[in-house]
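Heads up, the thing below is written out as structure tokens.
Each value in this text was obtained by applying a stated rule to the coordinates, not by laboratory testing. As the structure is a computational prediction, the values presented were derived from the model and not from experiment. So basically every Cβ, Gly included, is an ideal-geometry build from the backbone, and we count neighbours across all protein chains shown.
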Amino acid sequence: MFRIKKLAALQRQCMAITLPKNVITTLALTLGLTLALVGCKVSNESYSVTLSQGMDESAGPVPAYIISTPSATYYLEKEGGGLSSMLDKDGIDWIGFNNIKGSGWKGEYRGFPNAIHKQDGSYFHAMNAGTDAANSEVVIENKNHVRIAFTSANGKWVGQWDFYPTHCDFTMTQISQGYHYWVQYEGVPGGTMDDTDFWYNSATDTRHPINDSHKGDLPSPEWYAFGDESSPRMLFLLNHDDDTYPDDYVSRPYMTVLGFGRQGKNKFLDTPKTFSIGFIESVEYENVSDAVTQVLK
Ligand SMILES: [Ca+2]
Ligand SMILES: [Ca+2]
């Protein structure tokens, strides 16, 4: 309405001083374009991704890259190269890592992607007593995208993190030849693991209690989502490939154990792959399924 009124007023003014019609058109188009650009700018600003560095207090404290987005705040632990915390819009941490040795499922085992375990080292896990160190570099830092790459201390593995307004992608870009990895969400839906927590996945549109397990390869697109009855949102995990490897889920007393490319203790992934993690502001299966599918577009 504002734009129409402005244009009409401009046209009246132009006519009053009897400008040629093509000049009026040019002025009107310029004003329209300016308003449109102002509109774009406002909308871009509401989708910013910011990077800072500090400590993840609840995890140790441990040193972390802190990536703030409109949908989540990520704490990427700097020595190990895995997420130690992931806060939703209400400040609730759905990962719940801490580095206390012996805390097991209550802390030190938690995280994402917890990808390389006793292969050519143990990497891409928030630093605990069993994790090997990795070196990191900020590769891209702009308004809507932050990229951080981690290289394992032995130089054999490279993992790339891409943070966007709506989600985060983890890509294993280099694999140590002859070894395998998996990509896991070992966390706490809604801040703690409760019997009333639940999950969905791409194999079934039924709401499963958190203690139900799932075995086998998921249908495409391969995804899981985890919820808590007191939360209006779910945390999702998505494999960007349709592969044939198992994607097993089991619960532990204090955390989830979802592994893409995992069955029991076996790891199956040995090529570069991308996985997403993020929050979806719904707990309805159709909405979650649609939103996850959008990530691939
Ligand atoms: Ca919970
Ligand atoms: Ca699979």
Members of the range 142-195 found to be crowded, with 18+ Cβ neighbours inside 10 Å, within 16 Å of ligand 1 (Cβ to nearest atom) and not β-branched (Val, Ile, Thr), listed by number
185, 186, 187, 189, 190, 191, 193
Among the β-branched types (Val, Ile, Thr), touching a residue at least 24 places away in the same chain (Cβ under 8 Å) and surrounded by fewer than 24 Cβ atoms within 10 Å (Cβ to Cβ): is that true of residue 95 in this structure?
no
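What about residue 166, is it in a loop (DSSP other than H, G, I, E, B) and in contact (Cβ under 8 Å) with a residue 40 or more places away in the chain? Please lay out each step first, then the result.
On the way: in a loop (DSSP other than H, G, I, E, B): yes; in contact (Cβ under 8 Å) with a residue 40 or more places away in the chain: yes.
When the stated conditions are applied, residue 166 passes them.
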Odd one out for residue 205, checked against (1) within 16 Å of ligand 1 (Cβ to nearest atom); (2) out of contact with any strand residue (DSSP E or B) (no Cβ under 9 Å at 6 or more places or on another chain):
(1)
Can you tell me which condition residue 72 does not meet? The list is (1) free of Cβ contacts under 8 Å to residues at least 40 places away in the same chain; (2) under 28 Å from residue 49 (Cα atoms); (3) small (Gly, Ala, Ser), and all the others hold.
(1)
Go through the range 172-198 and report how many residues are within 16 Å of ligand 2 (Cβ to nearest atom) and outside any loop (DSSP other than H, G, I, E, B).
5
Tally of residues being assigned to a strand (DSSP E or B) and closer than 27 Å to residue 270 by Cα across the range 87-117
4
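Quick one: which of 205, 228, 217 is of a type in the set (Asp, Glu) and within 12 Å of ligand 2 (Cβ to nearest atom)? Spell out the reasoning first.
On the way: 205 fails: within 12 Å of ligand 2 (Cβ to nearest atom); 228 fails: within 12 Å of ligand 2 (Cβ to nearest atom).
Selected residue: 217, the only one of 205, 228, 217 that is of a type in the set (Asp, Glu) and within 12 Å of ligand 2 (Cβ to nearest atom).
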Which of the residues belonging to the range 239-259 are among the β-branched types (Val, Ile, Thr) and not in a strand (DSSP E or B)?
244
(1) buried (at least 19 other Cβ atoms within 10 Å of the Cβ); (2) within 11 Å of ligand 2 (Cβ to nearest atom); (3) closer than 18 Å to residue 172 by Cα: which one isn't true of residue 248, the others all being true?
(3)
I need a count of the residues in the range 173-223 that are hydroxyl-bearing (Ser, Thr, Tyr) and over 20 Å from the mean Cα position of the chain (by Cα).
6
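Yes/no per residue for (1) closer than 22 Å to residue 295 by Cα; (2) buried (at least 23 other Cβ atoms within 10 Å of the Cβ); (3) within 16 Å of ligand 1 (Cβ to nearest atom):
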site	(1), (2), (3)
226	yes, yes, yes
240	yes, no, no
244	yes, no, no
257	no, no, yes
261	yes, yes, no
276	yes, no, no
